[in-house]
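Undergrad: Okay, here's the structure, questions in a sec.
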Amino acid sequence: MPVAGLTGLRRAARETVSGLPREFWWLWTSTLVNRLGAFVATFMALYLTIDRGYSASYAGLVAALHGLGGVVSSLGAGVMTDRLGRRPTLLVAQASTAVSVALLGFMRDPVAIAAVAFLVGMASNASRPAVQAMMADIVRPEDRIRAFSLNYWAINLGFAVSSMAAGFIAEVSYLAGFLIEAGMTLVCAVLVFVKLPESRPPQEKAADAPGEEPAVSLWTVLRDGRYMSVVGLSFLVAVIFQQGYLGLPVAMGEAGFTPADYGLAIAVNGVLIVVLQIPVTRFIEHRDPRLLLVASSLLAGYGFGLTAFAGSVGVFALTVCVWTLAEIVNAPTQTGLVVRLSPLHGRGRYQGMYSVSWAVAALVAPLMSGFVIDHWGAEWLWGICAVVGTVAAAGYWVLMRGLPDDETPVARDTSVAPAPRVDAGAV
């Protein structure tokens with residue numbers, strides 16, 4: 001590569017990571033460590049069906065219960081994030097995750113496995129509202145899309161590494177995978193305890209002071225029609241993306257492809273996110289979120305829709321490229337929209353409700369994909385994905401095109417953004 005090109009890349013990298021507070025990078029590091037140790041989700045289905053000898057239906061039930069645990073905890077964790085604070089919620093969630101994941105590795109009874117999987121789902125999803133609320137607290141509004149993209153990049157970098165490591169660990173011992181994940185989650189908890197101060201805005205600025213935001217409850221969130229519409233559309237998109245890890249491996253298996261073939265195809269997802277997330281973020285950072293959400297919904301739906309025509313690993317990998325691009329655009333844009341629509345003192349509850357959309361998708365998607373494939377075939381599943389993506393795109397277009405410029409989500413947040421910034425010297 002020419003020297004000028006290398007210089008440009010270095011400058012782009014510096015601009016991408018510059019200007020973010022030190023607290024963000026500790027939170028980012030915690031995310032990366034957590035995802036580097038996320039082995040269990042990768043091999044859970046293989047563990048239950050191959051190592052433990054249970055049926056695919058039982059494995060799907062366990063996955064659904066894991067998702068149900070996330071649904072239950074998302075709202076509760078959102079309330080905890082606002083009432084107790086971001087840091088205590090993170091510590092409780094990560095410590096609980098470590099204990100429950102380790103316990104799951106020792107379970108042998110099918111009822112016990114299902115029950116503990118439910119607890120793991122509750123514990124692991126409880127940290128999401130706190131992480132996103134803390135990130136919104138400590139990062140300036142104009143830097144949030146970039147910050148969320150970097151965090152998402154860390155998630156996928158960790159996923160790419162842990163997915164490769166999970167296969168080798170599983171060949172030696174599935175139990176080792178459970179215990180290593182528990183240990184690395186505890187490392188995250190220690191990191192949060194030592195390096196991250198509380199970032200929750202002062203509560204004395206709540207409801208009774210003139211000109212301040214009213215008190216926020218879950219009922220407030222549910223009555224926010226615009227926000228709940230965003231949550232509903234997020235659910236539709238999440239159901240589509242879940243098929244990459246639920247419907248796709250089943251469909252490829254039924255078509256005669258091996259687990260290694262699926263692993264090769266899905267690896268494209270992690271590699272592309274690691275390579276493209278930062279440059280794509282620079283491209284979309286200041287572009288209209290309305291168009292980005294519409295385009296990403298269509299790319300997600302039709303990316304999976306194209307899977308109906310795949311007959312080789314290369315074509316499957318090509319379809320993964322299409323919906324991965326949608327994921328790269330959608331994740332930071334959607335998260336930034338959620339933060340901007342959230343009132344200052346209700347970020348935890350609003351983030352919790354947003355997390356519910358993904359948790360419910362994790363509950364519904366495995367049941368949906370199994371039913372559709374068993375009764376109608378994989379082609380119908382991919383066709384449904386295309387339809388759902390189209391509906392989501394239309395929903396975003398209708399929801400956001402009527403918003404006047406002075407009432408866009410950005411305007412709702414800028415007046416209060418400097419208040420929750422954390423002093424870098426506190427660490």
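The values are calculated or read from the model by the stated rules, or taken from the named source; none is laboratory data. Source: prediction; values computed, not measured. All Cβ positions, even for glycine, are placed from backbone atoms using ideal geometry, and neighbour counts span all protein chains on display.
Undergrad: Among (1) surrounded by fewer than 23 Cβ atoms within 10 Å (Cβ to Cβ); (2) without any contact (Cβ under 8 Å) to a residue 60 or more places away in the chain, which single condition is Thr319 missing?
TA: (1)
Undergrad: Of the residues Leu104, Leu90, Leu150, which is closer than 23 Å to Leu186 by Cα, buried (at least 21 other Cβ atoms within 10 Å of the Cβ), in contact (Cβ under 8 Å) with a residue 40 or more places away in the chain and more than 19 Å from the chain's Cα centre (by Cα)?
TA: Numbers: Leu90 fails: more than 19 Å from the chain's Cα centre (by Cα); Leu150 fails: more than 19 Å from the chain's Cα centre (by Cα).
Exactly one of Leu104, Leu90, Leu150 is closer than 23 Å to Leu186 by Cα, buried (at least 21 other Cβ atoms within 10 Å of the Cβ), in contact (Cβ under 8 Å) with a residue 40 or more places away in the chain and more than 19 Å from the chain's Cα centre (by Cα), namely Leu104.
Undergrad: Among the residues of the range 279-293, is any more than 23 Å from Ala393 (Cα to Cα), touching a Phe, Trp or Tyr at 6+ places or on another chain (Cβ under 7 Å) and not assigned by TED's automatic domain parsing to the domain that holds Ala147?
TA: No, the range 279-293 contains no residue that is more than 23 Å from Ala393 (Cα to Cα), touching a Phe, Trp or Tyr at 6+ places or on another chain (Cβ under 7 Å) and not assigned by TED's automatic domain parsing to the domain that holds Ala147.
Undergrad: If you go through the range 352-376 one residue at a time, how many are out of contact with any Gly (no Cβ under 6 Å at 6 or more places or on another chain) and assigned to a helix (DSSP H, G or I)?
TA: 17
Undergrad: Here's something else I'd like to know. Which one is surrounded by the most Cβ atoms within 10 Å (Cβ to Cβ), of the residues in the range 25-55 that are assigned to a helix (DSSP H, G or I) and free of Cβ contacts under 8 Å to residues at least 12 places away in the same chain? Outline the logic, then answer.
TA: Our first condition is that a residue be assigned to a helix (DSSP H, G or I); within the range 25-55, this holds for 25-36, 40-51.
Subset that is free of Cβ contacts under 8 Å to residues at least 12 places away in the same chain: 25, 41, 49-50.
Working: Trp25: 14, Ala41: 18, Thr49: 14, Ile50: 14.
Step by step, filter the range 25-55, then rank; the result is Ala41.
Undergrad: Within the range 237-266, track down each residue that is under 22 Å from Val356 (Cβ atoms), touching a Pro at 6+ places or on another chain (Cβ under 8 Å) and at pLDDT 80 or above.
TA: Selection gives Gln242 alone.
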